[in-house]
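Chemist: My questions will all concern the structure given below.
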Amino acid sequence: MYAFMQVHHLIEECLIFNMSKEECMEALSKHASVKPVITSTVWNELEKENKEFFEAYTRNRDQRATDMEKRGRIQFRVNAYMREKGNKD
């Protein structure tokens, strides 16, 4: 069984990869055999101790998701335009 500090370190690795709490819980369960309830408990404690960091982290993740969604819509439009243009030529 993992100690608090080991799970803490693994969560830090998840944060480096910009994972959500749920993604981290899934990854640690699958790859490190850490029960999701343990990951969730440690994550919650870290959030309590580092409230400002996690607020900024969440805002950053939300902004990245919005940016990725915008890029996806733009790419979809470009692809549709290119297909339409190709059909006219």
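The values are calculated or read from the model by the stated rules, or taken from the named source; none is laboratory data. For clarity, every value in this text was computed on a predicted model and none was experimentally measured. Glycine also receives a Cβ, built like all others from the backbone with ideal geometry; neighbour counts cover every protein chain displayed.
Chemist: Which residue, of GLU55, GLU49, is at pLDDT 90 or above, within 16 Å of SER20 (Cβ to Cβ) and of a type in the set (D, E, K, R)? Spell out the reasoning first.
Modeler: On the way: GLU49 fails: within 16 Å of SER20 (Cβ to Cβ).
After ruling out the rest, the residue left standing is GLU55.
Chemist: Among all residue pairs at least 6 apart or on different chains, which show Cβ distances below 6 Å where the first residue, located in region 24-39, is free of Cβ contacts under 8 Å to residues at least 40 places away in the same chain and assigned by TED's automatic domain parsing to the domain that holds CYS14 and the second is buried (at least 21 other Cβ atoms within 10 Å of the Cβ) and not in a helix (DSSP H, G or I)?
Modeler: Once the first residue is free of Cβ contacts under 8 Å to residues at least 40 places away in the same chain and assigned by TED's automatic domain parsing to the domain that holds CYS14 and sits in region 24-39, its partners that are buried (at least 21 other Cβ atoms within 10 Å of the Cβ) and not in a helix (DSSP H, G or I) give LEU28/VAL34.
Chemist: Moving on. Answer yes or no: is there a residue in region 65-80 that is surrounded by 10 or more Cβ atoms within 10 Å (Cβ to Cβ), of a type outside the set (Phe, Trp, Tyr), in contact (Cβ under 8 Å) with a residue 12 or more places away in the chain and closer than 16 Å to ASN18 by Cα.
Modeler: No; the residues of region 65-80 include none that is surrounded by 10 or more Cβ atoms within 10 Å (Cβ to Cβ), of a type outside the set (Phe, Trp, Tyr), in contact (Cβ under 8 Å) with a residue 12 or more places away in the chain and closer than 16 Å to ASN18 by Cα.
Chemist: Right, another one. Taking region 23-80 as the search range and keeping residues that are over 14 Å from the mean Cα position of the chain (by Cα) and among the small types (Gly, Ala, Ser), which one is farthest from GLU12 (Cα to Cα)?
Modeler: ALA80
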